[in-house]
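As structure tokens, the structure follows; a few thoughts come after it.
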Amino acid sequence: MGMTAATDTRLDVAPLSGWTGALISGVDLSSPLSANDVKTIRDALHTWKVVFFRDQTLDHAAQIAFGAQFGEVTPGHPYEGDSAPPEFPQIHTVSPAAYDHRYGTKYRKKQSPNGPGWHADVTPLINPPSHSILLAEKVPPYGGDTQFVNVAAVYQGLAPAVRALIDDLRAEHRFESTATAERSTEKIGDLVRTNPLASVHPVVRVHPETQERVVYVNPSFTKEIVNLSPRESRHLLDLLFEQIARPEYAVRFKWEPGSVAFWDNRAALHLAPRDFEHVHGDRVLHRITLVGDVPVGPDGVASESISGEFFGAA
Ligand code: SIN
């Protein structure tokens, strides 16, 4: 679907919780956006960290064209390119069938040892994607929502002494940091072993646009805080993971076909509760991501790659 002329629309931004998420209405995402509309959406992302749209009609090309108005679009996933539609390497499909293809059926029932899988997308990269845009094609009648949490609010909610303690720390993020021996033999295991992705990021990241400080660890990919003993790292990470999971910082979004979630991975974590596998009805969503910058901590020091290259445009 090509884009021809910029539309002139009146967007409405309706917050959905105290800290996180706003529903934007009054815009057709399949048409080119005016500069004002791009600014309204960007401003809403700065405040609410994730914005949602309903009743959109987007094919793969139109979803990519929408995202390209906010940044360069990456390949769908550093490891999972073989499951992208051949003409659209930018598309990463999320569905039980897609996960079975990548990881094998046993993965579905697994719970990570770090607890529920809050994450930002692919943080083991040296430059994790700045934003993700997820479009629902099919959803079950109930279950299969997605939760988001504002990690700038999580940082602000910590006591000043705890903020001061974590401001200078760094943590290792590794793909499959929660892998079991069984899972590491699944389809992408060889790729992960031959091309490991791992980086050391600041525990507190300064957002490059808002200058806010955010808690930048997540239970899915953060392996340990470096230069601490294993017990110190474990306790500190558990404290931060507990704060991330506080319901007052989060929003829960119920999908409909044509719904879009657009979030800032530098300011929000997300989690898909696995509560729909017994429900009749498929869940198929398509994700694209935008090229991210290298994180920087409050001390001005940037992240370092342990293994893996800069993740650029598709
Ligand atoms: C994702 O982690 O990007 C997908 C979230 C979801 O399935 O709701």
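The values are calculated or read from the model by the stated rules, or taken from the named source; none is laboratory data. Remember, it's a predicted structure, so these values are computed and weren't measured experimentally. Every residue, glycine among them, receives a Cβ derived from its backbone with ideal geometry; neighbour counts consider all protein chains shown.
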Exercise for the section: Could you identify the single residue in 259, 305 that is within 12 Å of the ligand (Cβ to nearest atom) and at pLDDT 95 or above? Expected result: 259
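Looking at the stretch 54-64, is at least one residue under 30 Å from residue 213 (Cβ atoms) and of a type outside the set (D, E, K, R)? Full working, then the answer.
Pass one, the stretch 54-64, residues under 30 Å from residue 213 (Cβ atoms): none.
No, every residue in the stretch 54-64 fails to be under 30 Å from residue 213 (Cβ atoms) and of a type outside the set (D, E, K, R).
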Exercise for the section: State all residues of the stretch 129-148 that are under 16 Å from the mean Cα position of the chain (by Cα) and hydroxyl-bearing (Ser, Thr, Tyr); if no residue qualifies, say none. Expected result: 130, 132, 146
Exercise for the section: Check the stretch 218-237 and report whether any residue there is among the basic types (Lys, Arg) and either within 16 Å of the ligand (Cβ to nearest atom) or in contact with a helix residue (DSSP H, G or I) (Cβ under 6 Å, 6 or more places away or on another chain) (or both). Expected result: no
Fill in the blank from the handout: Listed by first then second residue, the pairs whose first member lies in the stretch 121-143 and is aromatic (Phe, Trp, Tyr), whose partner is modelled with pLDDT of 95 or more and in a loop (DSSP other than H, G, I, E, B), with beta carbons under 9 Å and at least 6 positions apart or on separate chains, are 142/254
Exercise for the section: Taking residue 303 as the residue in question, decide whether it is among the polar types (S, T, N, Q) and buried (at least 18 other Cβ atoms within 10 Å of the Cβ). Expected result: yes
Problem - Verdict on residue 268 being at pLDDT 95 or above and over 28 Å from residue 82 (Cβ atoms) - result: yes
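When the residues of the stretch 8-36 are narrowed to those that are among the hydrophobic types (A, V, I, L, M, F, W, C) and assigned to a strand (DSSP E or B), which ends up surrounded by the fewest Cβ atoms within 10 Å (Cβ to Cβ)?
So the first thing to find is which residues in the stretch 8-36 are among the hydrophobic types (A, V, I, L, M, F, W, C), and the list is 11, 13-14, 16, 19, 22-24, 27, 29, 33, 35.
Now drop any that are not assigned to a strand (DSSP E or B), which leaves 13-14, 22-24.
Working: 13: 16, 14: 12, 22: 20, 23: 18, 24: 22.
For the stretch 8-36, the residue satisfying everything is 14.
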Problem - Verdict on residue 4 being within 15 Å of the ligand (Cβ to nearest atom) and either touching a Ser or Thr at 6+ places or on another chain (Cβ under 7 Å) or modelled with pLDDT under 95 (or both) - result: no
Handout entry: In the stretch 68-120, the residues that are at pLDDT 95 or above and more than 30 Å from residue 30 (Cβ to Cβ)
Key = 118
Practice task
Take the stretch 245-255 and flag every residue that is buried (at least 21 other Cβ atoms within 10 Å of the Cβ) and of a type in the set (A, V, I, L, M).
Solution key: 250, 251
